[in-house]
1. Restricted to region 455-484, and to residues that are of a type in the set (F, W, Y) and surrounded by 12 or more Cβ atoms within 10 Å (Cβ to Cβ), which residue is modelled with the lowest pLDDT?
2. Determine which member of the set L86, L134 is surrounded by fewer than 16 Cβ atoms within 10 Å (Cβ to Cβ), more than 30 Å from T205 (Cβ to Cβ) and assigned by TED's automatic domain parsing to the domain that holds G468.
3. Which fully enclosed helices (runs of 4 or more DSSP H) of region 324-438 have 3 or more residues being in contact with a Gly (Cβ under 7 Å, 6 or more places away or on another chain)?
4. Out of the residues in region 154-163 meeting the condition of being of a type outside the set (G, A, S) and buried (at least 23 other Cβ atoms within 10 Å of the Cβ), tell me which one is farthest from V460 (Cα to Cα).
5. Hey, any hits in region 290-306 for a residue that's among the polar types (S, T, N, Q) and buried (at least 20 other Cβ atoms within 10 Å of the Cβ)?
6. Any residue at all in region 399-419 that is within 30 Å of M102 (Cβ to Cβ), among the hydroxyl-bearing types (S, T, Y), buried (at least 18 other Cβ atoms within 10 Å of the Cβ) and modelled with pLDDT of 95 or more?
7. Just one of the numbered conditions (1) touching a residue at least 40 places away in the same chain (Cβ under 8 Å); (2) in a helix (DSSP H, G or I); (3) small (G, A, S) is not true of G177; which one?
Amino acid sequence: MAADRKHMILLFFMQPFLLPHGAKILTLCFVGGSHYLLMDEMSRLLHDSGHEVRMLLQFGDGMLPGYKMRPSPYQITTWSLDEGYLQEFREVFLQHQKDFFMGRNGLGAYLAFMGQLSHQCNITLHKSDIFNSLRDEKYDIAVIDAFNPCSFLAMEKLGIPFIAFFPGMFANAAQIGIPSPLSYVPVFQSQLTDHMDFWGRVKNTFMYFASHIVERKVQATFEDVIKEHFPVGSRPCLSDLYLKAELWIYNTDFAFDFARPLLPHVQYIGGLLAKPAKPVSQELEDFISQSGEAGFIVVTLGSMIPSLTLIEVLKEMNAGFAKVPQKVIWRYQISQWPRELELAPNVKIMDWLSQNDLLGHPKVRLLVTHGGMNSLMEAIYHGVPVVAIPLFGDQFDNMVRIKAKKMGTFIPPEQLKAEILATTIRKITDDKSYKISAMNLRVIQRSRPFPPGRQFVRWVEHIIQAGGGHHLHPYSLQQPWYQQYLLDVILFLSVCLIVTGYSILKVLRFVVGNLCSSGKQKQN
Ligand SMILES: *[C@@H]1O[C@H](CO)[C@@H](O)[C@H](O)[C@H]1NC(C)=O
């Protein structure tokens, strides 16, 4: 009895440490689209776990054309960027979209996009009233979108400990000090798998060095912003800020990615948006029921691409869908559909659709996608094969993984023709092995020890309770490179070896010389 009581008292005192209810958490969302959907989900999860959450949101509308923002239970601080600039930003994005469909997704477009983020960063960091009030709030921790370097600068300005959430798989392993053996860990943008032949490894090594140059160029786009917002003497360097994150979380999963080494402060928590499906609307159900055994296909090209600017591409896709036996449900802004083009009879277009619910429908046969991480995680969660038209960023590398795991394939955008699209869809839907692989990956993903939402909340709470993530950071993160790769030790040992070898040689020579000369003397 007494022991019981003691136990209860102990538990009572430990309670606040076990469950940090009411921690104050700031979430940062400086990129719209799918990044917003993820940050919104994480903010909700933390709020639902009893924490006080505020989101710092750069785009009030989430940059999601056609999407109705759900009323948020957590607090939001937002501001508006100048309408003229926003118009320009949208136009730049539309121009990029055209380039992507013509197969031009080079470094130039990426750096131009980073330039836009840097411009927005300057405006955001100038909101001193917002920053001052946030500073007064004394947040326990922040969760930031690590894709945008501006998030790190905002953290440096606020001085809050933070968790970096990266909305895709590794694009920056080298920058955050994660061991990435080039012999089997493909570098971002290499489009290689973990099974590399000799030339694959040559390419990977080359891409590794190239990735450092790209990273330097990305960081250079933020140089002026850093100069403007931080006084001489306390100007941060982005590379150092990346190492300051208490924890790194990546929106990926080993059901999807190739097995590779990680560090304790790096967690894979993918698929936060994949959930059990809710029933779809009666209108959609009626449409789907007309498909009979053939079932239906879901088509979405990413939250930020609600319609196509290239009419030729649109025509090819429409004609391709007309040739398949399935019904097609396509997220396409109805008002943007050209009047002169007749929609294929088996196709239904919608301004927005709940992809997750449709992928969970028993009659779904395929997802046609741009290959964004959230879409692929939902496809894996529901065990649906994929055909992708990857456009930019991580989408090609994502699809290399889906293809390697035999869950689908992809068509490079510049090769997109009606016939190719239709044959590819038929191939993936007729060959049952794709469905089987998708179902196997589904089992791998769903049988993880904890569902991603729970894992995410527990990790954030752990970092708060532990007073940071220092216990997870290996010393290698602070070690000079020559120590980390043991170059000093190798140098020392080599010198020892050479000196010893040289001394032995000297002694031997001396001994042999003496023996010889004494032998000569005897003979004499
Ligand atoms: C940042 O914005 C301010 C005020 O709008 C402007 O004067 C300045 O030139 C901008 N700096 C950079 C680096 O873009």
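The values are calculated or read from the model by the stated rules, or taken from the named source; none is laboratory data. On a predicted model such as this, the values are computed, not experimentally measured, just so you know. Cβ coordinates were reconstructed from backbone atoms using ideal geometry, including for glycine residues, and neighbour counts include every protein chain displayed.
1. Pass one, region 455-484, residues of a type in the set (F, W, Y): 456, 459, 475, 481-482.
From the residues that got through so far, the ones that are surrounded by 12 or more Cβ atoms within 10 Å (Cβ to Cβ) too are 456, 459, 482.
Numbers: F456: 97, W459: 97, Y482: 93.
Ranking the candidates gives Y482 first.
2. Working: L134 fails: surrounded by fewer than 16 Cβ atoms within 10 Å (Cβ to Cβ).
It is L86.
3. Values: elements: 355-359, 373-382, 395-404, 418-430.
Of the helices (runs of 4 or more DSSP H) lying wholly inside region 324-438, those with at least 3 residues that are in contact with a Gly (Cβ under 7 Å, 6 or more places away or on another chain) span 373-382, 395-404, 418-430.
4. Taking region 154-163 as the starting set, the residues that turn out to be of a type outside the set (G, A, S) are 155-158, 160-163.
In the following step, the residues that additionally are buried (at least 23 other Cβ atoms within 10 Å of the Cβ) were identified as 162-163.
Working: F162: 10, I163: 8 Å.
If we take residues in region 154-163 being of a type outside the set (G, A, S) and buried (at least 23 other Cβ atoms within 10 Å of the Cβ), then F162 is farthest from V460 (Cα to Cα).
5. First pass over region 290-306, keeping only residues among the polar types (S, T, N, Q): 290-291, 300, 303.
After this cut, where a residue has to be buried (at least 20 other Cβ atoms within 10 Å of the Cβ) as well, the list is 300, 303.
The answer is yes; a qualifying residue exists.
6. Within region 399-419, the subset within 30 Å of M102 (Cβ to Cβ) is 399-419.
After this cut, where a residue has to be among the hydroxyl-bearing types (S, T, Y) as well, the list is 409.
Restricting the remaining residues to those that are buried (at least 18 other Cβ atoms within 10 Å of the Cβ) gives none.
Taking every residue of region 399-419 in turn, none turns out to be within 30 Å of M102 (Cβ to Cβ), among the hydroxyl-bearing types (S, T, Y), buried (at least 18 other Cβ atoms within 10 Å of the Cβ) and modelled with pLDDT of 95 or more.
7. (2)
Here is a yes/no grid of residues against (1) under 28 Å from L310 (Cα atoms); (2) in contact with a Ser or Thr (Cβ under 7 Å, 6 or more places away or on another chain):
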{"position": "L64", "(1), (2)": "yes, yes"}
{"position": "W79", "(1), (2)": "no, no"}
{"position": "E88", "(1), (2)": "yes, no"}
{"position": "F93", "(1), (2)": "yes, no"}
{"position": "G103", "(1), (2)": "yes, no"}
{"position": "L117", "(1), (2)": "yes, no"}
{"position": "N122", "(1), (2)": "no, no"}
{"position": "I130", "(1), (2)": "no, yes"}
{"position": "E137", "(1), (2)": "no, no"}
